[in-house]
Amino acid sequence: MSFSALGQFPACRPRRLRQWPALRGLVRETSLNAGQLVLPLFARPGRKIRQPVASMPGVFQLSPDEIVREAEKARQWGVPGVLLFGIPETKDEMASDAYARNGIVQQTVRLLKKHLPDCLVLTDVCLCEYMSHGHCGIVEKGKGGRVANDPTLALLARAALSHAEAGADIVAPSDMMDGRVAAIRQTLDRHGLADTPILSYAAKFASAYYGPFRDAAESAPRFGDRRGYQMDGANVLEALRETAMDLQEGADMVMVKPALAYLDVVHRVKTEFGRPTAAYAVSGEYSMIKAAAAKGWLDERAVTLESMFSMRRAGADFIVTYSAAEVARWLKEG
Ligand SMILES: [Zn+2]
């Protein structure tokens, strides 16, 4: 598009269209509504438990009954779905609770679908919360803590299957192992779950913005870091290659994580592939705004909404955010 051919000052005055709120609304290019938000929630065993996460004000580890309440509240504001993470009672070196029939996520899914059948239930599929060492896959003995790719795939597929069998509407693998989408797709299909969509964390970067999440999900690695499987933050072509592979393996939707520091990646993924694309506004993005707002340095509502708009403008069809319920309420209240 050649902008110079479209007119010049003084015939052209862009400020004419900024004079009144209603006019600004008419020509607004990007929309944001509650139906485009997904609320992540942390499930832990018990009843009536709401344990605050210190580094994420307003976020709690919740027992399944409280998850139902929280999802219901969010739905009243128009948020269509939740993304579940599990904090199991016990951890081991095979992440057994990740695929236990009565694991914490599986129980919570069943309870949610029983009480709120219309709530879209997405489940995060990973092993780190369930592994005693906190890594996202099986750690090979004697190889300096390297996470083994191929043996991990079977466990991820089992976890996704157990979530779908419990009633999860969408499974969302976040581990960044190569080939996990294909492994999950084949396993679901073999078990009569060909209609269960996969939202892949296609481009998940090794990010310091995940810091507060590790408190929330109690999933910090005991040794090393996740740079052997999560992506290098400097790479965008690799993000496109990762996305292409996930789509070829059967991903129905793709996600970029984190959001704010990777908006160019969101934009490239959306424009290159044109497939349903999500952005995950991660814990660090949330906590930075909360902390600055608590000090009176930023207007929480305005900054949060501005951030959400930036993700939509970059090309995200929907946004996973800890602020989902608040944002939905702000949008409704106007
Ligand atoms: Zn993980």
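The values are calculated or read from the model by the stated rules, or taken from the named source; none is laboratory data. Predicted model only: the values in this text are computed from it and were never measured. When we count neighbours, we look across all protein chains shown, and the Cβ atoms used for this are built from the backbone with ideal geometry, even at glycine.
Return yes when ALA164 is within 16 Å of the ligand (Cβ to nearest atom), crowded, with 16+ Cβ neighbours inside 10 Å and part of a helix (DSSP H, G or I) and no when it is not.
No, not satisfied.
Does ASP225 fit the bill of being free of Cβ contacts under 8 Å to residues at least 40 places away in the same chain, within 14 Å of the ligand (Cβ to nearest atom) and not aliphatic (A, V, I, L, M)?
Yes: the conditions hold for ASP225.
Of the conditions (1) touching a helix residue (DSSP H, G or I) at 6+ places or on another chain (Cβ under 8 Å); (2) modelled with pLDDT under 95, ARG227 satisfies every one except a single condition; which number is it?
Failed condition: (1).
Within region 145-161, how many residues turn out to be over 12 Å from SER200 (Cβ atoms), within 13 Å of the ligand (Cβ to nearest atom) and not hydroxyl-bearing (Ser, Thr, Tyr)?
The number of residues fulfilling the criteria is 3.
Can you pull out every residue in region 131-144 that is within 15 Å of the ligand (Cβ to nearest atom) and either at positive phi or surrounded by 16 or more Cβ atoms within 10 Å (Cβ to Cβ) (or both)?
Residues satisfying the conditions are MET131, HIS133, GLY134, HIS135, CYS136, GLY137, ILE138, VAL139.
What are the residues in region 110-130 that are more than 15 Å from the ligand (Cβ to nearest atom) and in a strand (DSSP E or B), if any?
Within region 110-130, LEU120, VAL121, LEU122 qualify.
Here is a yes/no grid of residues against (1) within 16 Å of the chain's Cα centre (by Cα); (2) more than 24 Å from ARG50 (Cα to Cα); (3) polar (S, T, N, Q); (4) modelled with pLDDT under 95:
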{"residue": "SER207", "(1), (2), (3), (4)": "yes, yes, yes, no"}
{"residue": "ALA234", "(1), (2), (3), (4)": "no, yes, no, no"}
{"residue": "MET253", "(1), (2), (3), (4)": "yes, yes, no, no"}
{"residue": "PRO258", "(1), (2), (3), (4)": "yes, yes, no, no"}
{"residue": "PRO276", "(1), (2), (3), (4)": "yes, yes, no, no"}
{"residue": "VAL282", "(1), (2), (3), (4)": "yes, no, no, no"}
{"residue": "ALA291", "(1), (2), (3), (4)": "no, no, no, no"}
